[in-house]
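Before any comments, here is the structure.
The values are calculated or read from the model by the stated rules, or taken from the named source; none is laboratory data. This is a predicted model, so every value here is computed, not measured. Note: ideal-geometry Cβ built from the backbone for every residue, glycine included; neighbour counts use all protein chains shown.
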Amino acid sequence: MASKNKPTVVVIIPTYNEADTIGDMITHLFTKTFPTIKDYQMHLLVVDDTSPDGTYKIVKSHQKKYQNLHLLTNPKKAGIGYAYIVGFKHAMTKLKADFVFEFDGDFQHPPKMIPQMLEQATQGFDVVIGSRKIKGGSNPKGWGFKRVMFSELGGLVARFILFFPGKNFLKVTDPTTGLRLTRVKGFLDQVDFDHFYSLEFSYKLQLLYQLISLNPKFKELPLQFGLREKGESKIKGSTLVDSLRTALLTRINDPATKKFLKFAVVGFTGFVVNSLGLEFFRRSGLADSLSASFTAYTSTPGLSLLANPNSWSGGLGAELAIISNFILNNFWTFSSDRITNPFKFLYKFLQFNLTSFGAVIIQFIAIGLATLAFGDTTLVRQLALVLSIGFLILPYNWLMYNLVIWRK
């Protein structure tokens, strides 16, 4: 296969004061690692923040030897995240990359993993990361307690905030890893690089979240992370706080999260309507009138709930909440898919009532049983309402809303 027809891979290395290692890394990649890769055209892009120790000068001197070695310099230190973003854009627009690596220039990422990860790309994987958390992966034995704590605690918290709940929580074991291979088309080229919450180390959390949200074919390979012997670490004392901030902002500002928070507000409003309606119908006499029609079943197991005014109060209160939830969700939570046509609105409202009828039945039974067992009191009714909504009705409604009512 001709070289020009091979997919282009760009390995991006951000540097700052890494004159002691960058020359060795460049030589190693071009003389030992890249020659073993036959199916891809390999490029190395170094992004340097005009290091005071002259790192960029060493890169320039090696460009005379290696045609596929590229250098970008930032006029001042702008952060590892900024360096990568500049590198991503250059790799995609100027070098026409098909795949991009995020890689360290200090040998903490073993160069031998580059061909291993590209083998996964050949098999169709879109995002491949090196994980220290799976079997065969590890942190350096020489790390101090502070660095280990950041890696373990920071990774666990970020993983929980960004990827739980959901199947991706099980797939992503090491969200703070710095070693990643990403397919450009359909994935890296879909990332919004102009609105990152951090330009430091924690950029990688927001980037990974955006990539995983695109549903890539995802794979982790074990990474035995090396111990830095020269140069300075990119991890700062504020990194843990910055990572937590980035993870929270990424999660909160995600459209799906915003929609769920709106859903929660509407749900709370519905709960208030439900709670007040429950007491109103129990005290107004309407529930007594309805239950009086079924007094013949007072001693019949199961059917005795029909003769219980608390059951009817619960069902009527649930219907009030259904009306409230439908209106608020239609015009606020799912506003992008709102129903405005009067006939379709009526049809969807009837459909909504039908799909929500399970919630009415749940509440009818739960409140009826609770008052039969523990007494006809406001406390019993309200506790039964809270438990039935929290454990049964809320997940049921969320499922119905997304799969039936406001499904695109």
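Some points to look at:
- So ASN274, is it assigned to a helix (DSSP H, G or I), farther than 16 Å from LEU394 by Cβ and either touching a Gly at 6+ places or on another chain (Cβ under 6 Å) or of a type in the set (Asp, Glu) (or both): no
- The residue that is surrounded by the fewest Cβ atoms within 10 Å (Cβ to Cβ), among those in the range 190-222 that are touching a Leu at 6+ places or on another chain (Cβ under 7 Å) and modelled with pLDDT of 95 or more, is GLN190.
- Lone qualifier among ALA247, ALA318, ALA287 - being crowded, with 21+ Cβ neighbours inside 10 Å, touching a Pro at 6+ places or on another chain (Cβ under 6 Å) and at negative phi: ALA287
- Checked against the criterion of being out of contact with any Gly (no Cβ under 9 Å at 6 or more places or on another chain), in a loop (DSSP other than H, G, I, E, B), of a type outside the set (A, V, I, L, M, F, W, C) and at pLDDT 95 or above, the candidates LYS96, LYS135 yield just one match: LYS96.
- Residues considered: PHE101, PHE107. Of these, the only one that is under 16 Å from ASP39 (Cβ atoms) and not in a helix (DSSP H, G or I) is PHE101.
- Listed conditions (1) at pLDDT below 95; (2) in contact with a Leu (Cβ under 7 Å, 6 or more places away or on another chain) are all met by ILE37, apart from (1).
- The residue of the range 309-343 that is modelled with the highest pLDDT, among those that are out of contact with any helix residue (DSSP H, G or I) (no Cβ under 6 Å at 6 or more places or on another chain) and outside any helix (DSSP H, G or I), is ASN341.
- Of PHE101, PHE187, PHE107, all but one fail to be within 23 Å of LEU29 (Cβ to Cβ), buried (at least 18 other Cβ atoms within 10 Å of the Cβ) and out of contact with any Phe, Trp or Tyr (no Cβ under 9 Å at 6 or more places or on another chain); the exception is PHE101.
- Test: ILE85 is in a helix (DSSP H, G or I), modelled with pLDDT of 95 or more, under 27 Å from THR257 (Cβ atoms) and in contact with a helix residue (DSSP H, G or I) (Cβ under 9 Å, 6 or more places away or on another chain): yes
- Residues in the range 306-315 that are out of contact with any Leu (no Cβ under 7 Å at 6 or more places or on another chain) and surrounded by 22 or more Cβ atoms within 10 Å (Cβ to Cβ) were compared, and the one that is nearest to ASP254 (Cα to Cα) is GLY315.
- The lone exception for GLY267 - which of (1) under 42 Å from the mean Cα position of the chain (by Cα); (2) at pLDDT 90 or above; (3) crowded, with 17+ Cβ neighbours inside 10 Å it fails: (2)
- Selected residue (only one of ASP39, ASP53, ASP48 is among the charged types (D, E, K, R) and exposed (fewer than 14 other Cβ atoms within 10 Å of the Cβ)): ASP39
- Residues that are under 29 Å from SER198 (Cβ atoms) and among the aromatic types (Phe, Trp, Tyr) do not occur anywhere in the range 31-41.
- Screening the candidates PRO75, PRO14 for the property of being more than 19 Å from VAL127 (Cβ to Cβ), assigned by TED's automatic domain parsing to the domain that holds GLY178 and modelled with pLDDT under 95 yields one hit, PRO75.
- Test: residue in the range 121-133 that is free of Cβ contacts under 8 Å to residues at least 24 places away in the same chain and out of contact with any Leu (no Cβ under 7 Å at 6 or more places or on another chain): yes
- In this structure, LEU316 does satisfy being within 17 Å of ALA370 (Cβ to Cβ) and not hydroxyl-bearing (Ser, Thr, Tyr).
- If you check PHE145, PHE150, PHE125 for being hydrophobic (A, V, I, L, M, F, W, C), modelled with pLDDT under 80 and surrounded by 12 or more Cβ atoms within 10 Å (Cβ to Cβ), only one passes: PHE150.
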